[in-house]
1. In Å, what Kirkwood hydrodynamic radius results for the range 25-113 from the alpha-carbon pair distances?
2. Amide H neighbours of LEU67 under 5 Å, counting only residues 5+ apart in sequence or on other chains, H built in-plane at 1.01 Å?
3. Each label point is 7 Å from the Cα along the Cα-to-Cβ direction; what then is the distance between the points at ARG27 and ASP54, in nm?
4. Ordered by residue, what ³J(HN,Hα) values in Hz, to whole numbers, does the range 31-44 give under the Karplus form 6.51 cos²θ - 1.76 cosθ + 1.60, where θ = phi - 60° and Gly and Pro are x?
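Since every read-out is calculated from the coordinates, none of them should be taken as a lab result. Note that the coordinates shown come from a computational prediction; the quantities given were computed from them, not determined experimentally. A quick note on method: Cβ atoms are made from the backbone with ideal geometry, for glycine too, and the neighbour counts reach across all protein chains shown.
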Amino acid sequence: MLRAKLIAISLFAVIALAACGSSEPTRFSIAADPGYASSLFRQNCAICHGPEGDGRTLDDGTIVPSLRVGEFKKKSEADVYNQISEGGNGMTPFRTQLSEREMRLLTELVHNKLRQ
Ligand code: HEC
């Protein structure tokens, strides 16, 4: 009995070590994150940018870009904030729907956490 337990424990340890050993950093998950910024994203942005911000094509054919890759990842926080606040080119402006603090939280999320 004890032996079986020990084997189970060491098996678990091996699996856990293997998971840590991979050099790929874990992808930040908006769906799994309990933070306020992620909740704002789920409520306001996921409908167009997808639940994990990977982008999608809307029913009317609008191509909504991924927020995890691409040239725009090199833009400043101010540019990202501006896009959220002013929208444009198919995106809703959020300055009348979200507070400044909420737009800053979303900017931080998009700019710093969303990576491939
Ligand atoms: C109605 C659909 C829609 C919603 C809702 C929406 N977006 Fe967008 N978003 C777009 C489209 C379309 C673009 C591409 C605009 C362009 O090409 O200039 C875009 C572009 C962006 C960009 C710039 C990406 C790039 O590649 O240049 C950011 C950042 C962004 N959105 C963040 C957000 C955030 C954060 C929210 C939620 C507060 C949000 N969006 C909600 C449709 C949407």
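1. Details: mean 1/r = 0.0755 Å⁻¹.
Kirkwood hydrodynamic radius for the range 25-113: 13.2 Å.
2. Under 5 Å from the amide H of LEU67 lie the amide H atoms of ASP54, GLY55, each far enough along the sequence or on another chain.
3. Once both label points are built, they end up 0.5 nm from each other.
4. Result, ordered by residue: 4, 8, 7, x, x, 5, 4, 5, 5, 4, 4, 4, 7, 10 Hz.
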